[in-house]
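Notes for the one structure printed next.
The values are calculated or read from the model by the stated rules, or taken from the named source; none is laboratory data. This one's a predicted model, so the numbers in the text were calculated from it and none came from an experiment. Every residue, glycine among them, receives a Cβ derived from its backbone with ideal geometry; neighbour counts consider all protein chains shown.
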Amino acid sequence: MTEEVKILQLNRETMISKLEGILALEHNWVGIGERPWTDENFLREINNKWDLSFLAMRRDEIVGYSIGFESNPGVAYFGKVVVDKNYRGMGIGKKLLTEFEKKCADLGLSGIHFKSQIPNNTANKMYTEAGYHIVGHTMGDDRINRYDFFKALKTATSTIKHSKPTLDVEYRQGIEDLLKGGRLADGSMVTSFEQTLEDYLGSKVILTNSGSNALLLGLKALGVKEGDEVIVPPYMCMSVLQSVIHTGAKPIFADINHDDFNISKKGLEEKISKNTKAIIAAHMFGIPIKDFDQLRQYSTPVIEDCAQCFGADYDGRKIGAMGEMAILSFYATKLLTTGRGGALVTKNEDTYQKAKKLMTTDESDKFILGHSFQMDDLHAYLGIQQFKRLPEFIKKRREIAAFYRQVLQDTAHQNMFLRRFDENNLFYRYIVLVDDPERVANKLKLFGVEAKKPIYKPLHQLLCLNESIMNTDLAHKYALSLPIYPLLNKEDAKFVAKAFLASN
């Protein structure tokens, strides 16, 4: 019997002439727990939205209808589909959905979303079989819980990764030469890379095998031990917390600023005490700390965490040379990568010598409880080559960020805010705030775009502390990071922006 059913596009004239028949189907809508629409509902809700609404006719009888419209730029909302209960199981709902999808594609739309009651198993099975994915669920004003379904009509040719290192094929020759030389831990490349960084920062540098080990080394060189306190912003990755706890010290969490994710001066003032032996101040996501000198007004050493901001300048000074000590990370996702690696940076000769001593693992007359944190020559070679291109990498990131800002700001939704944009920002991450980051990330995944929460879980939450840290908690609730890296080409950046607008 399905071949006798015709799908017709709905228009105002048809709506008015067929309204009685359409309203007659409302008892089917009520039958699954939904509120019935009146003639006023129909004429008000779909006025000027006819392009995506359809009737299912069998001879002169209305056996189903669907209501849809473009809910925001590039995205269609499949608002309602009703099939006469006497014609269920004949594929009429699927026909209406298929016609709706064809029209969406003809209009060049990017995606389709809609809500469906969780107990509505027959309809939900049809949606799943048609390629729709559940990206979340919502409790309506009527206290009915509904699945949020989404389908991307256009997808990237290959997944657009959240992060991706820039590695040149030319590196192979240098690596082959090192392998042929047979001295991978000789240290000549390490010495060369350390000298390069020292010349750039004007400080002493010790290369390590990771940024977190550089931090642990620095804390121990400062004499941080059990019973001491170290102030840490909680909106950071877990490795920072691990380094602090490895010393035996107690982490004390100071809140961040609401506008740049960096440690708050007010938050620091509330938490610093006579037991504080170090302050860790991270330049988050490529944004330099704007009031760094105010963090140094205490007698407590400030450790600059430059893992996400190496290469930036602020107020005429280089990031990494502003505090008593700094740590760098060269992990695969960072602005400059050696695969894995890090560095401890300090202007203090005594601190430098203590840290060097803690790295001693051989040829010592006395036993030293130190650490084998050394970087090897292979990783140092990569660092030397990457450093040569750092200005180029930063320039590319800023260009992508400027594009995102232009596209997203012009069509910004009230629930999305663009983060601080100034000449000092390196854009290690491009952060947007959305009402439901997990839902938006799930939708972006369907487009072939990888987006992530910039910090998986704040540190105080990892420790299950019954503590509310307002700005940190808000950042965790709303922040989402979009792809941004030098290898992201213009077409992919356009696709990311378009997919985000369709997902938000």
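None of Val440, Val432 is closer than 23 Å to Ile394 by Cβ and either touching a Leu at 6+ places or on another chain (Cβ under 7 Å) or in a helix (DSSP H, G or I) (or both) except Val432. Across region 225-254, what is the number of residues that are buried (at least 23 other Cβ atoms within 10 Å of the Cβ) and in a loop (DSSP other than H, G, I, E, B)? Counting residues in region 225-254 that are buried (at least 23 other Cβ atoms within 10 Å of the Cβ) and in a loop (DSSP other than H, G, I, E, B) gives 5. Of the strands (runs of 3 or more DSSP E) lying entirely inside region 87-165, those containing at least 3 residues that are over 24 Å from Ala56 (Cβ atoms) span 133-139, 145-152.
Within the option set Lys161, Lys265, being of a type in the set (Lys, Arg), more than 28 Å from Gly316 (Cα to Cα) and surrounded by 14 or more Cβ atoms within 10 Å (Cβ to Cβ) holds for one residue only, Lys161.
Is region 487-503 home to any residue that is at negative phi, modelled with pLDDT of 95 or more and in contact with a helix residue (DSSP H, G or I) (Cβ under 7 Å, 6 or more places away or on another chain)? For region 487-503, residues at negative phi, modelled with pLDDT of 95 or more and in contact with a helix residue (DSSP H, G or I) (Cβ under 7 Å, 6 or more places away or on another chain): present. Only a single criterion out of (1) touching a residue at least 60 places away in the same chain (Cβ under 8 Å); (2) surrounded by 15 or more Cβ atoms within 10 Å (Cβ to Cβ); (3) closer than 22 Å to Leu480 by Cα is not satisfied by Arg405, namely (1). Of the listed requirements (1) closer than 30 Å to Thr361 by Cα; (2) aliphatic (A, V, I, L, M); (3) not in a strand (DSSP E or B), Ile206 misses just one: (3).
Out of everything in region 289-305 that is touching a residue at least 24 places away in the same chain (Cβ under 8 Å) and in a loop (DSSP other than H, G, I, E, B), what residue ends up being surrounded by the most Cβ atoms within 10 Å (Cβ to Cβ)? Within region 289-305, the match that is surrounded by the most Cβ atoms within 10 Å (Cβ to Cβ) is Ile289.
When the residues of region 307-343 are narrowed to those that are of a type in the set (Asp, Glu) and assigned to a loop (DSSP other than H, G, I, E, B), which ends up nearest to Lys164 (Cα to Cα)?
Start the filter on region 307-343 by keeping residues that are of a type in the set (Asp, Glu), which leaves 313, 315, 324.
Cutting the leftovers down to assigned to a loop (DSSP other than H, G, I, E, B) gives us 315, 324.
Numbers: Asp315: 30, Glu324: 32 Å.
Among those residues, the one meeting the criterion is Asp315.
Only residues that are assigned to a loop (DSSP other than H, G, I, E, B) and not charged (D, E, K, R) were counted in region 465-498, giving 11.
Selection over region 88-129 of residues that are of a type outside the set (Phe, Trp, Tyr) and surrounded by 15 or more Cβ atoms within 10 Å (Cβ to Cβ) gives a count of 24. For the condition closer than 19 Å to Ser243 by Cβ and either more than 22 Å from the chain's Cα centre (by Cα) or of a type in the set (Asp, Glu) (or both), Gly316 does not qualify. Scanning region 167-202 for residues that are part of a loop (DSSP other than H, G, I, E, B) and at pLDDT below 95 yields a count of 10. If only residues of region 60-87 that are of a type in the set (Asp, Glu) and in contact (Cβ under 8 Å) with a residue 24 or more places away in the chain are counted, the one that is surrounded by the most Cβ atoms within 10 Å (Cβ to Cβ) is Asp84. Would you mind stating whether Ser273 is touching a strand residue (DSSP E or B) at 6+ places or on another chain (Cβ under 9 Å), surrounded by fewer than 23 Cβ atoms within 10 Å (Cβ to Cβ) and assigned by TED's automatic domain parsing to the domain that holds Ala312? So Ser273 fits the description; yes.
Yes/no per residue for (1) in contact (Cβ under 8 Å) with a residue 60 or more places away in the chain; (2) touching a Ser or Thr at 6+ places or on another chain (Cβ under 8 Å); (3) of a type outside the set (Asp, Glu); (4) crowded, with 16+ Cβ neighbours inside 10 Å:
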| residue | (1), (2), (3), (4) |
| --- | --- |
| Phe330 | yes, yes, yes, yes |
| Arg340 | yes, yes, yes, yes |
| Glu349 | yes, no, no, no |
| Ile368 | no, yes, yes, no |
| Asp376 | yes, no, no, yes |
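Given the options Glu363, Glu324, name the one that is farther than 15 Å from Leu201 by Cα and either surrounded by fewer than 23 Cβ atoms within 10 Å (Cβ to Cβ) or not assigned by TED's automatic domain parsing to the domain that holds Leu201 (or both). It is Glu363.
Within region 71-86, the set of residues being over 12 Å from Thr122 (Cβ atoms) and part of a strand (DSSP E or B) comprises Ser71, Asn72, Val75, Ala76, Tyr77, Phe78, Gly79, Lys80, Val82.
Looking at region 1-47, which of its residues are in contact with a strand residue (DSSP E or B) (Cβ under 9 Å, 6 or more places away or on another chain), within 19 Å of Tyr77 (Cα to Cα), at pLDDT below 80 and not aliphatic (A, V, I, L, M)? Listed by number, the residues that qualify are Trp29, Glu34, Trp37, Phe42, Glu45.
Can we say Asp260 is farther than 19 Å from Met470 by Cβ, of a type in the set (Asp, Glu) and either assigned by TED's automatic domain parsing to the domain that holds Lys334 or modelled with pLDDT under 95 (or both)? Criteria not met by Asp260. When Leu459 is tested against (1) modelled with pLDDT under 95; (2) over 23 Å from His113 (Cα atoms); (3) not hydroxyl-bearing (Ser, Thr, Tyr), just one condition goes unmet, and that condition is (1).
Of the residues screened, Gln353 is one that is out of contact with any Leu (no Cβ under 6 Å at 6 or more places or on another chain), without any contact (Cβ under 8 Å) to a residue 24 or more places away in the chain and outside any strand (DSSP E or B). Considering (1) farther than 27 Å from Asn425 by Cα; (2) surrounded by 20 or more Cβ atoms within 10 Å (Cβ to Cβ), the lone condition that Ala282 does not fulfil carries the number (1).
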